[in-house]
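The values are calculated or read from the model by the stated rules, or taken from the named source; none is laboratory data. Keep in mind that what you see is a predicted model, and the values were worked out from it rather than measured. Every residue, glycine among them, receives a Cβ derived from its backbone with ideal geometry; neighbour counts consider all protein chains shown. Ligands, DNA and RNA are excluded from the accessible area calculation, which covers all protein heavy atoms including side chains. Shrake-Rupley method; radii C 1.70, N 1.55, O 1.52, S 1.80 Å.
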Amino acid sequence: EKRISLPPPEHTHNHRTMHTMLRKISLAFLSALIFQAQPVSAQITGGQQVFQFMTLSPSARITALGGAQIAVKDDDLAFAAANPAALNPQMDGMLTFQHNFFLTDIQHGYVAYAQHVPKLGFTFHGGLQYMNYGDINQADEYGTVIGKVKASETAFTVGGARPLTDRISLGLNVRLGLSTLDTYKASALAADAGLMYADTASRFIAAVVVRNAGAQLSSYNEVREDLPFDLQIGISKQLRYLPFRLSIIAHHLQQWNIRHNDPNLQDDGILQLGDTQSSTGGGNNAVDNFFRHLVFNGEFLLGRNESFRIRVGYNHLRKKELSVRNYRSLAGFSGGIGIRISRFRIDLGYAAYHLAGGVVHLGIGTRLKDFF
């Protein structure tokens, strides 16, 4: 008796070939983005790039967690804006509305929808981030107000992710940013790439993300500026005997020194030679710089199906940069709650920025398929 080995079905072969090619292309793209993360000479992270609104927290949940969270994998679609590798089949049909009552009368928000495609093994999403700066007075050279100036920014994001193994997933986002200031306009194209390792047995997640790698397509005054590129690494661990998830997120790893040496904060009566500067308040500059890269947050997952959640976060960079000397404040601290009511998930987050105030973030999410 002879046995004849038949070739695998053509569609299976094509699927495997596409999977292999996609993995190679994605890993090559991720490597290229990481290679772009080279150290720069500037010591501060703010005011050095354009389209900074792309770095703002996309959701009330992330706002409550200190403004950064890339190491959570559940059905919360807003996480895909921070780490595209967080996209997964649980997000199929999810729709999210997020609005941030930002400082003064500035309005910021994010809207997104996700769809899982079983035949391809991909989960895709599309989102819209908006920023409206309100009415700005327009004045002539004598200071006379002659009208109002409109200013706004928008970013359109599309992305997808698929698992590479049972525990590792890879995701990519492409983002088109548009900015308008009166009659002036600018645009930019950016990309995010993320890898996530999720061990469901031990409830441990590790992730690495490169965010906003790209360049301006057009500028206000024919001067091209950098986008707010950021290399982040994050880990999270849900405790075994306590319904609590602890996370640590490291950001701006492409630029190690992010301290701002303000002469006004130096100790009086100390002679400084050359570039040597005294440490602020007698603290250790290296330790302070290290913790400026970190965001600590925690989330209590309470109730049946984790329907009620309490969140806290601490952002050391925000604390150091936005605190007022000799005045105590909650700058850098954040918190919030989340509750699931029927078919809706409602999240509320608050982040203290300064003595002058903070931001209130409200989010509502639901699954459209539950209504049809």
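Extension gain Leu302-Leu368, at 0.36 nm per residue separation less the Cα-Cα distance, in nm? Spell out each step's value before the answer.
Working: separation 66, 0.36 × 66 = 23.76 nm, distance 2.48 nm.
Result: 21.3 nm gained on full extension.
The phi torsions of the stretch 137-143, fed into the Karplus equation with coefficients 6.51, -1.76 and 1.60 and a -60° offset, translate into couplings of 5, 9, 10, 8, 5, 9, x Hz, rounded to whole numbers, with Gly and Pro shown as x. Near Gln254, the amide H atoms lying under 5 Å from its own belong to Leu231; only residues 5 or more places off or on other chains count, and H is placed 1.01 Å from N. Packing, as the average of other Cβ atoms within 10 Å across residues, places the peptides 345-356, 231-242 in the order 345-356, 231-242, highest first. Protection proxy ranking for 187-196, 146-155, using the average of other Cβ atoms within 10 Å per residue and placing the highest first: 187-196, 146-155. Compared with the direct C-alpha span, the chain from Leu178 to Phe344 gains 56.6 nm at full extension, assuming 0.36 nm per residue. 3J(HN,Hα) along the stretch 356-372: 6, x, x, 10, 10, 10, 10, x, 9, x, 7, 10, 4, 5, 6, 9, 10 Hz, from the Karplus curve 6.51 cos²θ - 1.76 cosθ + 1.60 with θ = phi - 60°, whole Hz, x for Gly and Pro. Say R0 is 22 Å: what FRET efficiency, to the nearest 0.05, do Val111 and Asp135 get from their beta-carbon distance? In this case the efficiency is close to 0.40. Shape class for the stretch 158-203, computed from the alpha carbon gyration tensor (a ≥ b ≥ c): prolate, with a/c not under 1.5 and a/b above b/c.
Order Lys319, Lys185, Lys73 by their accessible area, 1.4 angstrom probe, all chains in place, largest first. Kindly include the intermediate steps, with their values, before the conclusion.
Numbers: Lys319 50, Lys185 125, Lys73 70 Å².
Descending order: Lys185, Lys73, Lys319.
Were the residues from Asn326 through Phe204 laid out at 0.36 nm apart, the gain over their Cα-Cα distance would be 39.9 nm. Across the stretch 94-102, rounded Karplus estimates of 3J(HN,Hα) from the backbone phi angles (6.51 cos²θ - 1.76 cosθ + 1.60, θ = phi - 60°) give 6, 10, 10, 10, 10, 9, 10, 7, 6 Hz, Gly and Pro being marked x.
Rank-order 213-222, 328-337 by packing density, defined as the average count of other C-beta atoms within 10 Å over each peptide's residues, highest first. Write down the numbers at each step before the final one.
Working: 213-222: 14.3, 328-337: 19.2.
Per-residue Cβ counts within 10 Å, averaged per peptide and sorted highest first, yield 328-337, 213-222.
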